[in-house]
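> Take this structure, written in structure tokens, and hold onto it; I'll ask about it next.
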Amino acid sequence: MIELAFDRSTGAIVISGKVAGIQTDLILDTGSPWELLVPYSQALEAGWIEGTEPQYDPRFVERRAVRVDKEIDFTFKGTKLVFKEVVAWDLDNFRGGAYPLLGLKFLTRFRTEFNFARSNIRLHKLASEPSFPTKNVRAVWLHPVRNDALLMRAGIDDLFGWFIWDTGAETSILFRPTIEKIKRAWAKRLKWNEPMEHTLTGLSRLSQDFVVPELILSGLHPGRRSPGIKVENAAFSGIDFPEHQAGLEASCGLPLMGLINADVFDCKRLLLDPDYSCLWTAK
């Protein structure tokens with residue numbers, strides 16, 4: 001079992017450690033499909049991608065992405081992990097700086113237990129059975145875990161659709177087509193704040209923050225039943241970002257309503273179980 005402390009003061013889940021011997025903050029990002037992403041500028045300076053022609057991530061056409069032909073290690077308090085699938089991504093100006101990302105393919109190696117009360121993460125081997133509460137536990141079934149994204153069904157009023165669970169997001173996001181639908185149905189119930197500039201992956205977009213009175217995280221799963229999870233007064237940002245939405249939908253193969261970050265889960269502990277394609281939550 002590996003235990004990592006994290007900080008959520010910015011909304012995203014941030015941990016500290018050494019990447020290739022360099023002390024840095026990393027974002028634990030379930031919205032990133034790779035094992036490890038390192039800043040393009042860092043990889044270029046270190047000579048990891050010298051002479052390599054950049055590719056472009058279809059979800060972010062402005063962003064260069066280059067596979068690193070080198071194993072990179074991550075060290076945290078004496079624990080060393082080696083990454084064989086490393087991508088140098090044009091992360092400069094992301095969240096105001098250049099941060100490496102621990103992505104979804106890394107997390108599918110483990111059962112990942114998020115303890116929000118203690119601000120730590122425990123990574124359990126898939127063959128192990130972590131200790132987890134048996135009372136007051138609710139499950140959210142996921143679309144079968146793939147390397148592209150963690151997809152869950154969620155509903156606002158009677159409007160249900162697919163969302164990406166993204167721990168690297170500073171806020172939960174609804175895409176503009178979804179906002180237009182719920183505005184008509186909930187015009188008097190949504191609590192809107194003033195429009196503001198919002199930065200998503202380094203690209204500034206005008207957004208408007210608001211609160212959804214009731215969000216249902218669906219328990220839909222083949223052969224299993226769960227009432228799902230009801231979240232009251234869930235905070236979202238509405239962003240008109242059609243190229244980002246189109247790229248994500250092409251990658252996932254499903255239409256998307258938006259992204260849900262870690263803040264939505266009002267729980268003390270959360271277990272991501274890739275074996276059973278589910279999130280378990282416990283108070």
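Each value in this text was obtained by applying a stated rule to the coordinates, not by laboratory testing. As the structure is a prediction and not an experimental result, all values here were calculated from the model. Neighbour counts run over all protein chains shown; Cβ positions are idealised from the backbone, glycine included.
> At what distance in nm do the modelled label points of residue 84 and residue 157 sit from each other, each positioned 7 Å from its Cα along Cα→Cβ?
5.1 nm
> Lysines within cross-link reach of residue 70: Cα-Cα under 20 Å, excluding same-chain residues under 8 positions apart?
18, 80, 84, 105
> Lysines near residue 230 by alpha-carbon distance under 25 Å, same-chain residues fewer than 8 away left out - which ones?
135, 181, 183, 188, 191, 268, 283
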